[in-house]
Amino acid sequence: NFTYFINLEDKVFLHPTQAKLISYYKELTKEDYCVTNISYNMDAISYLLKKPTCTKYWSAWLTSPIKIQKDYINNLKKIQPKYILYDPGGDMDGLELRERIGLLTSYILSNYKKYDELGNYTILERK
C-alpha cells in the first residue's frame, strides 16, 4: 500500500549506519542553517536533515570542471560552514572523488580538520 510507505520515517529506508550518521550529524549541526556534503553517496543529506545545502552545488561530484570548483570554493569562503560531511573515496566510472574534484579537495583539507569519523564518513570542522 502506497500510503503506508509515504508515512514511514526516512530512517526506515536507510542502512543502519547511514541512519546513525544522519542522526549524529543532525544533532551536531542543529544550530547550522545549511549542510555541506562532499561524497558520492550522501547527496540526500539535505533532504534527510530538512536543511538546504550551503552552496547551490548539492552534489559535489558534479563540480568537476575547474571553473565550477572555483565557484564552489568561493561559496564556501563566503558561507564558512562549520562542518562538512566528507567521504573522498568511492568510485564512479573509475575515478575517486578526491581525484575528480582535486582543487576543491585541496581547499577543504587546507581549511578543515578532522572532527570525527563514522563508518566511511569523516566529519570535518573549520580550522
- Item | Cα-based Rg and Dmax for the stretch 3-51, where Dmax is the largest Cα-Cα distance (Å) | 11.4, 33
- Task: Report Rg (one decimal) and Dmax (nearest whole number) for the stretch 55-127, counting Cα atoms only, units Å.
- Result: 11.8, 33
- Given DSSP loops and a limit of at most 12 other Cβ atoms within 10 Å, what is the longest stretch of the chain that contains no such GluC sites (Glu not before Pro)? 32-127
- For the charge dipole of the chain, defined by +1 on Lys and Arg C-beta atoms and -1 on Asp and Glu C-beta atoms about the Cα centroid, which residue among Leu62, Gly94, Leu8 has the Cα displaced farthest towards the positive pole? Leu62
- Message: What are the ³J(HN,Hα) couplings of the stretch 97-108, residue after residue, when phi is run through the Karplus curve with 6.51, -1.76, 1.60 and θ = phi - 60°? Round to Hz, x for glycine and proline.
- Response: 4, 4, 7, 5, 10, x, 5, 5, 4, 4, 4, 4
- Item | Estimated inter-spin distance, Cys34 and Glu117, nm [label 7 Å along Cα→Cβ] | 2.9
- Message: For a 24 Å ceiling on Cα separation, which of these pairs sit above it: Lys77/Lys114; Lys51/Lys77; Lys20/Lys78; Lys26/Lys77; Lys30/Lys78; Lys11/Lys127?
- Response: Lys20/Lys78; Lys11/Lys127
- Task: Let me have the relative contact order for the chain, percent, based on Cα pairs under 8 Å that are six or more residues apart.
- Result: 22
- Give, to the nearest whole percent, the P(r) tail of the chain beyond 26 angstrom, counting all Cα pairs. 20
- State the extension gain, in nm to one decimal, for the chain segment bounded by Lys70 and Glu125, taking 0.36 nm per residue of separation less the distance between their alpha-carbons. 17.8 nm
- Query: If you roll a 1.4 Å probe over the chain with all protein chains in place, what percent of the accessible area is carbon or sulfur?
  - Reply: 53
- Note on the structure: Filtering chymotrypsin sites (Phe, Trp or Tyr not before Pro) in the stretch 1-94 by DSSP loop and by at most 10 other Cβ atoms within 10 Å leaves Tyr33
- Item | Vicinal HN-Hα couplings computed from phi for the stretch 68-80 (Karplus, 6.51 cos²θ - 1.76 cosθ + 1.60; Hz; Gly/Pro x) | 6, 4, 5, 5, 4, 4, 4, 5, 5, 4, 6, 7, 6
- Task: Normalise the Cα radius of gyration of the stretch 14-88 by 2.2 N^0.38 Å (N = residues in it) and let me know the number.
- Result: 1.08
- 3J(HN,Hα) from dihedral phi, the stretch 37-49, Karplus parametrisation 6.51/-1.76/1.60, rounded to Hz, x for glycine, proline: 10, 10, 6, 7, 10, 10, 4, 7, 4, 5, 5, 5, 8
- Want the number for Leu8 to Met92: 0.36 nm per residue separation, take away the alpha-carbon distance, what's left? 27.2 nm
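The values are calculated or read from the model by the stated rules, or taken from the named source; none is laboratory data. In this text, all values refer to a predicted model and were calculated from it rather than measured experimentally. Every residue, glycine among them, receives a Cβ derived from its backbone with ideal geometry; neighbour counts consider all protein chains shown. With ligands, DNA and RNA removed, areas are computed over all heavy atoms of the protein, side chains included. Shrake-Rupley method; radii C 1.70, N 1.55, O 1.52, S 1.80 Å.
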